[in-house]
Amino acid sequence: MQISRLIIKNFRGIQNASIILSKHSVLIGDNNTGKTTILEAIDLALGPDRLNRVPPVDVHDFYQGKYISDASADEVPTSTKAEQGVKAEGAVDAVANNADVQVDGDVTAEAPQIEIEVTVADLTEEQKGRFGDYTEFWDTATDTFYDQPNPAGVDAVSISEALRVSFIGWYDPEEDDFKGKTYFTRSLSEGDNPVVFSKKDKQICGFLYLRSLRTGSRALSLERGSLLDIILRLKEVRPQMWEYTISKLDSYSVASDPELGISGVLESINAALQKYVPKEWGIEPHLKVSNLTREHLRKVITAFIATGEGRHAAPFYRQGTGTINMLVLAMLSQIAEDKQNVIFAMEEPETAIPPYAQKRIVHEIRTLASQTIFTSHSPYVLEEFTLEETVVLARDAQGALRRSAITLPDSVKLKRYRQEFRTRFCEGLLTRRILVAEGATEAASFPVVCRRLAELKPATYSSLEALGICTIDAGGETNISDLAKLYRDLGKRTLAICDKQTDEEKALIEAQVDTLFMHDEKGFEDLVLKNTTEDALKRFTKLIVWPQHLQQKYPDPEAQAQAALSDYFCGKKADWGVSDFLAQCTEDEIPEWLRDTCLSLKAICEPVHVGDADGGALNAPEAPDSEQGVDVDATN
C-alpha cells in the first residue's frame, strides 16, 4: 500500500500541483516551497482525526485567502448568497464538480474551493474487500490509471488495484462557516449521491502524519489522535480504565484532612450556604482532582518518565527534545508492528537529534512502514534516499508546484555525488538560488565579501545568506556549466562567478546560467591584489603568521606586500587566505568588481510583492527565469 499520486488545487500556497510519489520519498526544497503543505493535504484526505477540527479548514487554507467569488463578495444580494453555499447533505455533487452558481438567472463566477485527490495503490486484501466498489487500476510503469478496453491488461505486473480519495473544502455563506469532507472520488462523478470516505475507512488506510516538534508534545498523553491513543486503538484496547479511574477519583476528596485547613473553610462555606438555599440546591462543597469526565481525563492524564540515576519522575514532555523524539520513534515502531500496513509522513526527523540517530530513525521507519514520506534539511537524512526517492520541489509565482528529478551530468558520476553529497551537493538542493563558483577560493571568498560589505553598509549591500543564495564550489572551470545545468533543471535560479574564460567556455556557461559574473583576470588572487589598496596589503602582512619558507624569501613582507601576499595566497588556496584578507578590508579597499557584483546580486534578488494586501498566501518563489525575488508565504 502506498500513495502514488497527489493532486492539489487551491490549498495554501499551492494553486495546483500533481506529485508522483515512490515507495519511500524525501521532499526537499527551500523553506516555503510547499513541503509541509503536501503533508497537510494528505492528512486532510487520509488523516482519521484531521476533520475533527471545527472548522476543518479556514480562510488561510485557501490559495491567496480567496474562498468566495469576486461577484459574490460585492454584487450578489444577501438573500441570494446562500445559493452559492453547497451543503454537505444532498448537494455535495455541485461542490465536488465545481459547478457554476445560478444567481438571479445569471451564471456567476464559481466560488474557489480546496480540492485534494490522493491515489492509494497496491491495496491490501482488507482494503480491496472494503473498497471494492470504488477501486480502479493504477499502472506504475506510466503513473496513470489503466483505462484500456482490454480487461486482461490489468494482469500486468506494473498494474495494481488503487483507490482515489478526494477532500473538498469550501465556504458556506448560508452558515457563514467553512466546510470540508472526504469522499470516494469515483462517487463524485458516477452518481448523484457522493459517498463519504469515513473515519473508519481512513483508519484502514493507515496514514500517520508526525509534525515537526509538535508530535512529541502529546505523544504519551491520552488526547485523541496522540500516538498512545493510536496504539490503544490498534490493539483494540477499549480503555475500561475510565470508569475505574473516575470511581476512584470520585471517592477521593482533596485536602479533606482538617489539619490542612482547607476543609474547615469549605465547611464554613457550606454552613453559610445552608442559611440561604434549601439543600436541594446544593450542599457540601468539596475538592476533586478533575472534572471526572472522560474528555477531561484525556487532557490531564500524561505519562511520567524517570530521569537520571534517582527515582524522580517528570512528565514526558519535560524531557529533552532529543529524548522525546526517540520516544516517538519507539512508539512508531509499536504502531507499525501492530498495523503492518501504515504510511508514515514525518517532518524533519533531524530536530534535536545527532546525525547517527537521524540515520537510524530513517532506516527504522523505512523498514517498518509500507511507505514513508519525509521532509528534511539534513544531509544525513537525505543521503539515506536514492536519487529516484529524492523529490525536489519548486513553486512558481502563480502557485504551481512541480517535482523535479535529479539528473546527474556526465561530469558527475554517482560515486562522486555520494562522496561529495554533504560538502558540495546537499546545500544546493535545499535552496532556490545557486551561485556556482569556479573554485574553492571563489566559493570561500565571495560570501565573505558580501557579508563584509553588508556589515559596513547594510542599506546598500546584502549578504548572500540574506539573499537566499547558496555558493557551490564547481571544482574547476570545466565543471561550471554541468553543475549549473544540474541545478537549473531542478528549477533553481543559477548564477556563476569565474575568472576570464575563452569565448567558447563563456558561451557554454552562459547557456546554463541566468547570470554570469566574469572578471578580466586569470585568477581570483590577481583580481584582489591588483585592485585593492597598498595600505590594506601592508596592514594584512602584519596580521598573519608567515610560513617559514616565505619568511626566508621575504624578510620584510611589508616592503614587498603585493609579491609576498601573492605567494601567500597561492599557498592558501584551500585555506581561506584571500577570504581572511577581504574580511578586514574597508569598502574602498575591496575591489570595485566585487562591489559591483554584490550590488548586482542584490538587485537580481530584490523581493517583488505578488498580489494584493488581502490575499493570504500572496508571496511565492520566483520562476527560474524571472527577475523577481522571494517573499514569504506565511501559510505554508
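We did not get these values from a lab; they are worked out from the coordinates using the rules stated. No experiment lies behind these values; they were computed from the predicted model shown. Methodologically, a virtual Cβ is constructed for each residue, glycine included, from the backbone with ideal geometry; neighbour enumeration extends over all protein chains shown.
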3J(HN,Hα) from dihedral phi, region 115-128, Karplus parametrisation 6.51/-1.76/1.60, rounded to Hz, x for glycine, proline
10, 10, 10, 10, 9, 9, 10, 6, 5, 7, 4, 4, 5, 4
Compute the FRET efficiency between residue 583 and residue 515 as 1/(1 + (r/R0)^6), taking r as their Cβ-Cβ distance and R0 = 25 Å, and round to the nearest 0.05.
0.50
What residues have an amide H closer than 5 Å to that of residue 305, excluding those fewer than 5 places away on the same chain, when H is modeled at 1.01 Å from N in the peptide plane?
314, 316
Through the Karplus equation 6.51 cos²θ - 1.76 cosθ + 1.60, θ set to phi - 60°, convert the phi angles of region 498-506 into ³J(HN,Hα) values in whole Hz; use x for Gly and Pro.
7, 6, 4, 10, 5, 4, 5, 5, 4
Dipole of region 424-483, Cα-centred, from +1 at each Lys and Arg C-beta and -1 at each Asp and Glu C-beta, to the nearest 20 debye?
300 debye
Given a Förster distance of 25 Å, the FRET efficiency implied by the Cβ-Cβ spacing of residue 522 and residue 563, rounded to the nearest 0.05, works out to 0.90
Within the under-13-Å Cβ sphere about residue 524, not counting residue 524, Lys/Arg +1 and Asp/Glu -1 give a net charge of -4
Length added when fully stretched, residue 306-residue 411, from 0.36 nm per residue minus Cα-Cα:
32.3 nm
Tell me the net charge near residue 198. Cut-off is 11 Å between Cβ atoms, residue 198 excluded, with +1 for each Lys or Arg and -1 for each Asp or Glu.
+4
Please compute the length gained on full extension between residue 313 and residue 550, using 0.36 nm multiplied by the number of residues separating them and subtracting their Cα-Cα distance.
79.0 nm
Residue 421 and residue 244 label points (each 7 Å along its Cα→Cβ direction) are spaced in nm at 4.8 nm
Wrap a convex hull around the Cα atoms of region 412-605, take a quarter of its surface area, and give that in square nanometres.
11.4 nm²
Counting only residues 5 or more places away or on other chains, whose amide H sits under 5 Å from the amide H of residue 207 once H atoms are built in the peptide plane?
343
Using the Karplus curve 6.51 cos²θ - 1.76 cosθ + 1.60 with θ = phi - 60°, what ³J(HN,Hα) values do you get for each residue of region 43-59, in whole Hz, with x for Gly and Pro?
5, 4, 7, 10, x, x, 10, 4, 7, 5, 5, 10, x, x, 9, 9, 4
Under 5 Å between amide hydrogens, which residues at least 5 positions from residue 519 or on another chain qualify, with H placed 1.01 Å from N in the peptide plane?
498, 500
Listed here are the pairs 413/530; 485/602; 485/522; 35/413; 66/199; which of them are more than 26 Å apart at the Cα?
413/530; 35/413; 66/199
